[in-house]
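Peer 1: Got a structure here, written out as structure tokens. Questions coming.
The values are calculated or read from the model by the stated rules, or taken from the named source; none is laboratory data. In this text, all values refer to a predicted model and were calculated from it rather than measured experimentally. Neighbour counts are summed over all protein chains in view; Cβ atoms, including those assigned to glycine, are modelled from backbone coordinates with ideal geometry.
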Amino acid sequence: MTTRRNFLKNAALTAAGVTIVPRHVLGRGYIAPSDKLNLASIGAGGKGWSDIVNAWNNGAENVVAICDIDKERASQAIGKWPKAKVYNDFRRMFDEMKGQIDAVTISAPDHIHGVAAMVAMQQGVHVYVQKPLTHNIAETRRLTEAAREYKIVSQMGNQGASLPEQVQMMEWFDKGMIGTVHTIDVWTDRPVWPQGIPVPTGKPARPSQISEQDWDMFIGPADFVDYDPLYHPFKWRGWWNFGTGALGDMGCHMFDPVFRVLGLGYPTEVESSVGQVFLQDWVPEFIPEGCPPSSSSRLRFAASAKNASPVTLNWTDGGIRPFHPELIPPDHPLGSDNSANGVMMIGTKGIMTCGVYGVNPKMYLNSGEVVEYDKSYDASYDGGRKHSKLPEHGHQVYWTDAVKAGFGSDEHKALTSSFDYSGPLTEAVLMGNLAIRSYQSLVKGGNGRNREFYGRKKLLWDGPAMRITNLDDANQFVTREYRKGWKLM
Ligand SMILES: NC(=O)c1ccc[n+]([C@@H]2O[C@H](COP(=O)([O-])OP(=O)(O)OC[C@H]3O[C@@H](n4cnc5c(N)ncnc54)[C@H](O)[C@@H]3O)[C@@H](O)[C@H]2O)c1
């Protein structure tokens, strides 16, 4: 196996007049670290642009292929790398370019992540996959296993994971400064896109740059629906067919510091409740296709090796904030500067808070002391990291470095969001969605406010077996039915 250590040894040999063997001599699966990586991008518009440009790292790597269903949306990437082959079907891209792609950034909508990453991993292509890792829990579990099985260097796109702030939070907790954590509040102002609205019924014309086949690829494994600007771009987030709602959008960023600091595992139980929508007096809308306009979920976790107490995590979205704790002065914002998003870990000796991605960490100790983050920690923290000044703190470049160093290398093990970590994290986030969908859609008879929603209960989760044990119907949301012609390989 080619590791960074071997590379350094090779470099020394080169200096002594011995040449490093090029990629084609080493064969598939081996990347001579003297080579640039050949990168591909799936979903190169929107967030995908920053993923691929950050991984390319000012020409440190090559971009050889771009796959997008909307050439206009992806035009910045197509223009930047004119020699890259352009596709609208990632299956064809991997087929035609077998052996020519080392690694891929996957930044298409959530419903595409699982199927695209599996095709890549089966070819030995290393993957950077946007958050949430997948659309449902079963896909996430499978991707986590597959990364080990196919020896893939993986990273999820929750870029806050590479921030020094999260290292500082771990240190504070490990020193026992807030004691044992029993309660966590996490909240967001998302959705900031239309959500909880009726299903579109018009048939607006597709924009000219999106062909029928492009649209078919947008749909991918989801249920077919006609084009609508309420789906593409960006707004797909608000529909279960494609997206994962406010929780799926922000949960992986905001559960991240909690998981990292406390070392949590699978949740043991979950209960959710969602906001209602009224378009006419007294008659609540029933829109199970759409993610709700607001929701709250409560997840419970067992004690972990790092935290001796079971933990209750309260999530709220749609702008609903937690109540202000007595320990935090009333004029102090919670989490972010405007309190709109944040995390509070409430322990026996104090409260640790932060904003999205783990920024602005702070502690309010029972002693009355307030501990602020010292910015000089950014420069002084070690962990062997060199990229904290790169865009997104080097989250993509840590990954390309680890791909070159090889599976199992020190660089790989140092990744902050490889699937061994981000898989269980994503599963916990998607657990909330499972409960929301159970709450929302299990309807039996009745109408208006008299409907019977028998899924509105606390759900018990057997994490290892991936099963709800007290409401069999809820298990339909562990996975999804794929459209004909699609499967998770
Ligand atoms: N880490 C972050 O901070 C962050 C921020 C924004 C979005 N995201 C994540 O990035 C992903 C994309 O979100 P976005 O806001 O950029 O969405 P978007 O709709 O703006 O962009 C998605 C891109 O993927 C393309 N696309 C759609 N279906 C495709 C397919 N089947 N194959 C190839 N390309 C396809 C679209 O044309 C578009 O260029 C989501 O998973 C989202 O959660 C992460």
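Peer 1: Would region 142-162 turn up any residue that is modelled with pLDDT under 95 and more than 13 Å from the chain's Cα centre (by Cα)?
Peer 2: yes
Peer 1: Here is a follow-up. For region 257-337, which fully contained strands (runs of 3 or more DSSP E) count at least 1 residues that are over 22 Å from Val478 (Cα atoms) and in contact (Cβ under 8 Å) with a residue 40 or more places away in the chain?
Peer 2: 278-280, 311-316
Peer 1: So the check is Cβ under 7 Å with 6+ separation or different chains; which pairs have a first residue in region 96-124 that's in the same structural domain as Asn62 (by TED's automatic domain parsing) and a second one that's of a type in the set (Lys, Arg)?
Peer 2: Met97/Lys85; Gly99/Arg28; Ser107/Lys47; Val119/Arg91; Gln123/Lys98; Gly124/Arg28
Peer 1: Out of all the residues in region 318-334, is one or more buried (at least 24 other Cβ atoms within 10 Å of the Cβ) and over 17 Å from Ile351 (Cβ atoms)?
Peer 2: Within region 318-334, none of the residues are buried (at least 24 other Cβ atoms within 10 Å of the Cβ) and over 17 Å from Ile351 (Cβ atoms).
Peer 1: For region 360-449, give me every one of the helices (runs of 4 or more DSSP H) that falls completely inside it and has 2 or more residues that are within 25 Å of the chain's Cα centre (by Cα) and surrounded by 21 or more Cβ atoms within 10 Å (Cβ to Cβ).
Peer 2: Counting at least 2 such residues, we get 395-405, 419-441.
Peer 1: With respect to Asp70, is the statement that it is over 24 Å from Arg480 (Cα atoms), touching a Pro at 6+ places or on another chain (Cβ under 8 Å) and in contact (Cβ under 8 Å) with a residue 24 or more places away in the chain true?
Peer 2: yes
Peer 1: Going through region 93-128 one residue at a time, which ones are within 8 Å of the ligand (Cβ to nearest atom) and not small (Gly, Ala, Ser)?
Peer 2: Within region 93-128, Pro109, Asp110, Ile112, His113 meet the criteria.
Peer 1: Right, another one. Of all residues in region 202-229, which are surrounded by 13 or more Cβ atoms within 10 Å (Cβ to Cβ) and either outside any loop (DSSP other than H, G, I, E, B) or of a type in the set (Gly, Ala, Ser) (or both)?
Peer 2: Ser211, Asp214, Trp215, Asp216, Met217, Phe218, Ile219, Gly220, Ala222
Peer 1: So how many residues does region 197-254 have that are in contact with a Ser or Thr (Cβ under 6 Å, 6 or more places away or on another chain) and farther than 18 Å from Leu434 by Cβ?
Peer 2: 0
Peer 1: Would you check if Ala205 is assigned by TED's automatic domain parsing to the domain that holds Phe301, aliphatic (A, V, I, L, M) and over 25 Å from the mean Cα position of the chain (by Cα)?
Peer 2: yes
Peer 1: For region 280-303, how many residues are of a type in the set (A, V, I, L, M, F, W, C), surrounded by fewer than 20 Cβ atoms within 10 Å (Cβ to Cβ) and more than 19 Å from Gly446 (Cβ to Cβ)?
Peer 2: Here the count works out to 2.
Peer 1: Could you list, in sequence order, the residues of region 78-92 that are within 23 Å of Ile219 (Cα to Cα) and more than 9 Å from the ligand (Cβ to nearest atom)? Even if it seems obvious, please write down each step before you answer.
Peer 2: In the first step, residues of region 78-92 are kept if they are within 23 Å of Ile219 (Cα to Cα); the result is 78, 85-92.
If the condition is that a residue be within 23 Å of Ile219 (Cα to Cα) and more than 9 Å from the ligand (Cβ to nearest atom), then Ile78, Lys85, Val86, Arg91, Arg92 are the ones that fit.
Peer 1: Residues Thr140, Thr183: which one is of a type in the set (Ser, Thr, Tyr) and in the same structural domain as Gly248 (by TED's automatic domain parsing)?
Peer 2: Just a single option satisfies the conditions, and that option is Thr183.
Peer 1: Count, please, the residues in region 231-255 that happen to be assigned to a loop (DSSP other than H, G, I, E, B) and within 12 Å of the ligand (Cβ to nearest atom).
Peer 2: 7
Peer 1: Related question: Restricting to region 437-464, name every residue that is within 21 Å of Leu313 (Cα to Cα) and hydroxyl-bearing (Ser, Thr, Tyr).
Peer 2: Within region 437-464, Ser438, Tyr439 meet the criteria.
Yes/no matrix, rows are residues, columns are (1) away from the ligand (no atom under 16 Å from the Cβ); (2) under 17 Å from the mean Cα position of the chain (by Cα):
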{"residue": "Pro257", "(1), (2)": "no, yes"}
{"residue": "Tyr266", "(1), (2)": "yes, yes"}
{"residue": "Val283", "(1), (2)": "yes, no"}
{"residue": "Phe286", "(1), (2)": "yes, no"}
{"residue": "Pro292", "(1), (2)": "yes, no"}
{"residue": "Phe301", "(1), (2)": "yes, no"}
{"residue": "Arg321", "(1), (2)": "yes, no"}
{"residue": "Pro329", "(1), (2)": "yes, no"}
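Peer 1: Looking only at region 56-72, count every residue that is away from the ligand (no atom under 13 Å from the Cβ) and not in a strand (DSSP E or B) and tell me the total. Can you show your working first?
Peer 2: Of all residues in region 56-72, those away from the ligand (no atom under 13 Å from the Cβ) come to 56-64.
Right, trim to not in a strand (DSSP E or B) and you get 56-61.
Adding up the residues that qualify gives 6.
Peer 1: Could we say that Val86 is surrounded by fewer than 20 Cβ atoms within 10 Å (Cβ to Cβ) and assigned to a strand (DSSP E or B) here? Write out each step before concluding.
Peer 2: Values: surrounded by fewer than 20 Cβ atoms within 10 Å (Cβ to Cβ): yes; assigned to a strand (DSSP E or B): yes.
Judged against the criteria, Val86 is a match.
Peer 1: On to the next question. Given (1) assigned by TED's automatic domain parsing to the domain that holds Gly245; (2) in contact with a Lys or Arg (Cβ under 9 Å, 6 or more places away or on another chain), where does Ala465 come up short, assuming only one miss?
Peer 2: Exception for Ala465: condition (2).
Peer 1: Can I ask one more? I'd like to check something: does region 76-89 contain any residue that is in the same structural domain as Asp401 (by TED's automatic domain parsing) and in contact (Cβ under 8 Å) with a residue 60 or more places away in the chain?
Peer 2: Checked region 76-89: at least one residue is in the same structural domain as Asp401 (by TED's automatic domain parsing) and in contact (Cβ under 8 Å) with a residue 60 or more places away in the chain.
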